[in-house]
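The values are calculated or read from the model by the stated rules, or taken from the named source; none is laboratory data. Because the structure is predicted, anything quoted here is derived from the model rather than measured. Positions of Cβ are backbone-derived with ideal geometry, glycine not excepted, and every protein chain shown enters the neighbour counts.
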Ligand code: SF4
């Protein structure tokens, strides 16, 4: 049986750089975008023999803002890729969509890629707050995008929100949540703002926002299944579930990272190098690291603790031929006694306190 693998395709182009974003991004005209897609096609073509060993579990096209590309060209590229691979039945094919670029021409062009999940950046419903983040879109663009996606019968839509951002208050955050839910998304990704800015809310206010989030989403039928992700029943994102469960992944495109058989590596983030050498594996790949068994175990535990179901003991034993309790007894005892972890006969998982202070928990395994 072929091993499962996730694919990530990176499209680095954005209209402009938002202040909070650490993604590998570039700006460029239509000829640069065509040049990039040609380079991506060369990289994917050269990887097809290696990909033949796997069954692809899901495909995620992220960025950057993939929908600033020529939608016909991008749709055809993903359609060609899917026809060239062994795919699991009815796989999730997800794309990040920049609200202002969604319309009839873009969704028609993208349809060749048979995308079945669409992820919209919104961050906040307050235009002053999105402006403070230098976003090139606001809630009105999201509203238009949702209407177009609905017209195209998109049935799996995610909205990204961010809390703790400059100018935000617990009341404005609740308004953002309420507005997002008015758009009836199947999935929400909610990330904490991690930069240091003078106008950011206090830690007390951030804690209040976190409490509001948990109460409001639960009350409205969204299940929290990971540290940052909430969904209606049946709409968990396979990209995140597989990534946190430890399914290997290969990334393609500028700066994309991969993790296969305990080896982590990344593509160059230098644009000129990537487009010149995308069909030459050795010249594009950088930072190859072989993780030893202990490092692989730690990484596996950290990843799985991102899921609210936690680390499944049987899965850990099946993967490593060892027992989680024996491998990390001191660490687990300490985290249990501090109230960060709980467990039963089948799994260990983060408590409410552990979810709030996850960075401290993960640091214990590093
Ligand atoms: S549009 Fe998205 S990818 Fe581009 S800079 Fe802003 S947040 Fe980052």
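Miscellaneous remarks
- Hits in the range 50-73 (condition: away from the ligand (no atom under 16 Å from the Cβ), closer than 21 Å to residue 38 by Cα and modelled with pLDDT of 95 or more): 51, 59, 70, 71, 72, 73
- Counting the residues of the range 98-138 that are over 22 Å from residue 74 (Cβ atoms) and over 19 Å from the mean Cα position of the chain (by Cα) gives 11.
- Against the test of being over 19 Å from residue 6 (Cα atoms) and loosely packed, with under 14 Cβ neighbours inside 10 Å, the options 273, 261, 333 yield a single qualifying residue, 333.
- Single match in 43, 92, 88, 96 (criterion: in a helix (DSSP H, G or I) and either in the same structural domain as residue 236 (by TED's automatic domain parsing) or more than 16 Å from the ligand (Cβ to nearest atom) (or both)): 43
- Answer residue from the range 119-161, given it is within 12 Å of the ligand (Cβ to nearest atom) and assigned to a helix (DSSP H, G or I) and is nearest to residue 235 (Cα to Cα) among those: 141
- Lone unmet requirement of (1) in a helix (DSSP H, G or I); (2) outside the structural domain of residue 88 (by TED's automatic domain parsing); (3) more than 20 Å from residue 40 (Cα to Cα); (4) in contact (Cβ under 8 Å) with a residue 12 or more places away in the chain for residue 240: (2)
- All positions within the range 2-40 that are farther than 18 Å from residue 113 by Cα, part of a helix (DSSP H, G or I) and within 16 Å of the ligand (Cβ to nearest atom): 32
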